Amino acid sequence: MKIAPSGSESYEQMTIGDDVLGDAKPWLAEGMKASVETLDGVPIGLTLPKSIEVTVREAEATMKGQTAAKSSKPAVLENGVAIQVPAFIESGQRIRVDPSEKRYIERVK
């Protein structure tokens with residue numbers, strides 16, 4: 001995958017292997033700014049933003065009475081990652097997620 005390093009003034013692209021991307025790979029999106037850690041010019045790590053906006057691709061239907069309590073349900077995001085979301089979240093909605101913890105933050109307004 002080719003990534004432009006964050007904070008780079010030269011806008012050079014570098015190729016980063018799947019071994020360096022690790023769990024960050026499904027969270028990467030076109031135009032996203034991420035920090036690339038290098039050692040002697042070789043990429044050794046990638047740091048994603050603290051929050052990312054994504055669309056919920058699939059979410060279980062909310063059961064009657066489920067919204068009253070702080071309950072959660074499984075959902076699959078547009079990038080294929082499965083997380084727990086509040087009961088009021090529905091398919092097609094945009095949400096903000098912490099990618100490092102795969103945790104729901106809030107619904108995007």
Cβ-Cβ cut-off under 10 Å around Thr55, Lys and Arg +1, Asp and Glu -1: the net charge is 0
Rounded to whole angstroms and listed largest first, the alpha-carbon spread of the range 52-107 along its three principal axes comes to 30, 18, 15
The residues Val56, Val36, sorted from fewest to most surrounding Cβ atoms within 10 Å, come out as Val36, Val56
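In a shell of Cβ-Cβ distance under 13 Å around Glu90, excluding Glu90 itself, what net charge do Lys and Arg (+1) and Asp and Glu (-1) give?
That works out to +2.
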Of all GluC sites (Glu not before Pro) in the range 77-106, the ones in DSSP coil with at most 11 other Cβ atoms within 10 Å are Glu101
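Step through the table entries Lys50/Lys109; Lys33/Lys102; Lys50/Lys70; Lys33/Lys73, compare each Cα-Cα distance with 22 Å, and write down the pairs that go over it. Each step should come with its number before you reach the end.
Details: Lys50/Lys109 18 Å; Lys33/Lys102 18 Å; Lys50/Lys70 24 Å; Lys33/Lys73 30 Å.
Violating the 22 Å Cα-Cα cut-off are Lys50/Lys70; Lys33/Lys73.
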For the range 98-109, in residue order, the Karplus 3J(HN,Hα) values (coefficients 6.51, -1.76, 1.60; θ = phi - 60°; whole Hz; Gly and Pro = x) are 8, x, 5, 10, 6, 10, 5, 10, 6, 7, 7, 8
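Only the coordinates and a few stated rules stand behind these numbers; no lab work does. Remember, it's a predicted structure, so these values are computed and weren't measured experimentally. Using ideal geometry, Cβ is built from the backbone for each residue, glycine included, and neighbour counts are taken over all protein chains shown.
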